[in-house]
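This report refers to the structure that appears directly beneath it.
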Amino acid sequence: MKYMIAPLFVRPWTLNGISPHLIESHYEINYGGTVNRLNAIVEQLDGLDRSTTSPDVIHRLKRDEFSALNSILLHELYFSSIGGDGRAVPPDMTMALSRDFGSVNRWRDEFIGLAASLAATGGAGWVLLTFVPRDGRLINHVATDDRHTIAGGIPVLAIDMYEHAYHLDFGANCTAYIAAFMRNIDWEAVEQRTQNAAKVTPPPKLVQPEFADMPSVSVEDVQEMLKSGTRVQIIDARPRHYITKATEIMDGAVWRDPERIDDWAADLSKDDPVITFCVYGFHIGCQTAMALRDRGFDAKYMAGGHYGWKAKNGAIRLLET
Ligand SMILES: [Fe+2]
């Protein structure tokens with residue numbers, strides 16, 4: 001595909017303390033230059049004979065394509081991040097920043113601090129405010145080159161911390177540049193992007209339709225229960241053929257054969273909740289919890305199973321055979 005130049009979003013003459021000359025140079029030379037470079041890379045890639053080209057050449061071109069494309073996207077975001085008055089944060093945006101950072105001021109301190117830290121260490125790159133649909137929240141982060149963005153994240157505000165973004169107006173005075181950026185943020189545009197990002201459907205989570213009605217607990221819930229001293233009976237219901245080869249078990253759990261529930265169910269108390277789990281949390285743990293519920297126990301299965309527990313650094317003990 002051929003990448004097109006996006007018209008400049010910001011009106012340079014409206015900026016407070018950032019000159020049109022700086023924006024024009026940034027847009028024409030850095031942004032425009034990268035669009036042209038990306039098109040040259042794409043043309044090169046399209047013209048390659050894949051059967052005779054070394055994988056190294058393709059690797060390098062694909063890496064350069066990724067870097068140039070991200071640079072373009074981030075510059076377009078940068079040029080649409082400024083042009084406002086920087087101070088009046090609209091209500092929805094105030095709510096989102098307060099939800100995820102505690103307050104607008106705390107967000108601001110962190111964002112400015114990250115930009116200053118890049119400058120202080122002689123680094124360059126971007127500081128981004130990004131919405132992560134998986135978690136439904138905003139996060140500030142540093143990108144030390146054009147390829148450092150959050151997978152699946154949608155950046156809604158960007159400050160360009162490469163020298164070309166400020167040197168013409170501010171010389172080496174990054175602090176003045178960051179302050180000028182902050183007082184020119186176009187909050188209406190940032191809010192619009194955040195609202196749009198919040199409508200993005202998060203990636204699908206594991207669904208087991210056959211156990212949709214079965215109550216479950218997370219690994220983190222169980223860790224919290226154990227930490228707080230909640231009385232709970234934890235049953236490791238990994239299949240016998242699996243457990244004979246296993247060397248470890250969750251600390252606090254006892255293994256019970258899921259195929260012989262009738263032999264051991266009566267040993268459980270109906271006064272305390274029961275949590276069951278299997279290897280990964282798919283079937284056996286759920287079926288065991290279901291069978292215990294049928295017998296009148298307050299049983300739930302632990303999503304993620306034994307490996308979910310281990311992945312969260314849950315305590316483990318050696319399994320005695
Ligand atoms: Fe730039």
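Restricting the stretch 230-321 to GluC sites (Glu not before Pro) that sit in a DSSP loop and have at most 11 other Cβ atoms within 10 Å of their own Cβ leaves GLU320. Given their separation in residues at 0.36 nm each and the Cα-Cα distance between them, MET1 and ARG231 gain 76.7 nm when the chain is fully extended.
THR121 label point, 7 Å along Cα→Cβ, cut-off 15 Å on backbone N: hits in the stretch 127-158? Counting backbone N atoms under 15 Å from the label point, the list is 127-128, 141-146, 148. Helical runs (DSSP H, four residues minimum) scored at -39500 (n - 2.57) apiece and divided by the length of the chain put the mean residue ellipticity at 222 nm at -12500 deg cm²/dmol.
In the chain, the ratio of gyration radius to Kirkwood radius, Rg to Rh, stands at 1.14 when only Cα atoms are counted. For the chain, the longest principal axis of the C-alpha atoms and the axis of helix 104-120 are separated by about 70°. Using θ = phi - 60° in the Karplus curve 6.51 cos²θ - 1.76 cosθ + 1.60, the 3J(HN,Hα) couplings for the stretch 88-97 round to 7, 7, x, x, 5, 6, 4, 5, 5, 5 Hz; x is entered for Gly and Pro. May I ask you to derive the FRET efficiency for ARG11 and THR201 from their Cβ-Cβ distance with R0 = 30 Å, giving the value to the nearest 0.05? The pair ARG11/THR201 has a calculated efficiency of 0.30.
In units of the rule-of-thumb radius 2.2 N^0.38 Å, the stretch 209-321 shows an alpha carbon radius of gyration of 0.97. Working note: Cα atoms of the stretch 1-58, range along each principal axis, descending, whole Å: 54, 19, 11.
Of THR121, THR244, THR149, the residue with the greatest mean-square motion in the GNM of the chain, using alpha carbon springs below 10 Å, is THR244. Note on LYS300, LYS205: ascending count of other Cβ atoms within 10 Å places them as LYS205, LYS300, the fewest first.
The fewest-to-most ranking of THR14, THR52 by surrounding Cβ atoms within 10 Å reads THR52, THR14.
To the nearest whole percent, what portion of all C-alpha pairs in the stretch 1-137 is separated by more than 17 angstrom?
72
The angle between the Cα long axis of helix 219-228 and the main principal axis of the chain comes to about 70°, on a 0 to 90 degree scale.
Can you tell me what percent of all Cα-Cα pairs in the stretch 219-267 are more than 12 Å apart? Cα-Cα pairs in the stretch 219-267 separated by more than 12 Å: 68 percent. Dipole check for the stretch 146-227: with +1 at the C-beta of Lys and Arg, -1 at the C-beta of Asp and Glu, and the Cα centre as origin, the magnitude is about 60 Debye. Restricting the trypsin sites (Lys or Arg not before Pro) of the stretch 1-80 to loop positions (DSSP other than H, G, I, E, B) with no more than 13 neighbouring Cβ atoms within 10 Å leaves LYS2, ARG50. Legend: calculated FRET efficiency, ARG147 to ASP263, from the Cβ-Cβ distance at R0 = 51 Å, rounded to 0.05, equals 0.35.
Under the shape rule built on the C-alpha gyration tensor, where the axes satisfy a ≥ b ≥ c, the stretch 120-177 is prolate, since a/c reaches at least 1.5 and a/b is greater than b/c.
Spacing of the modelled spin labels on ARG60 and SER103, each 7 Å from Cα toward Cβ, amounts to 5.3 nm. Going by the alpha-carbon gyration tensor, a ≥ b ≥ c the square roots of its eigenvalues, is the stretch 58-214 rounded (a/c under 1.5) or, if a/c is not under 1.5, prolate (a/b greater than b/c) versus oblate? Taking the square roots of the gyration eigenvalues as a ≥ b ≥ c, the stretch 58-214 is oblate. Between GLY171, GLY281, GLY123, the GNM of the chain built on Cα springs shorter than 10 angstrom shows GLY281 fluctuating the most.
Here's how it looks for GLN233: its modeled amide H is under 5 Å from those of VAL274, ILE275, which are all 5 or more places away or on a different chain.
Sorted ascending by nearby beta carbons within 10 Å, beginning with the fewest, HIS75, HIS21, HIS141 become HIS21, HIS141, HIS75. The angle separating the long axis of helix 33-47 from the principal Cα axis of greatest extent in the chain is about 60 degrees. On full extension, the segment bounded by GLU320 and LYS270 gains 15.3 nm, given 0.36 nm per residue less the C-alpha separation.
Every number here is computed from the coordinates shown, using simple stated rules; none is lab data. Not measured: the values here are computed from a predicted model. Every residue, glycine among them, receives a Cβ derived from its backbone with ideal geometry; neighbour counts consider all protein chains shown.
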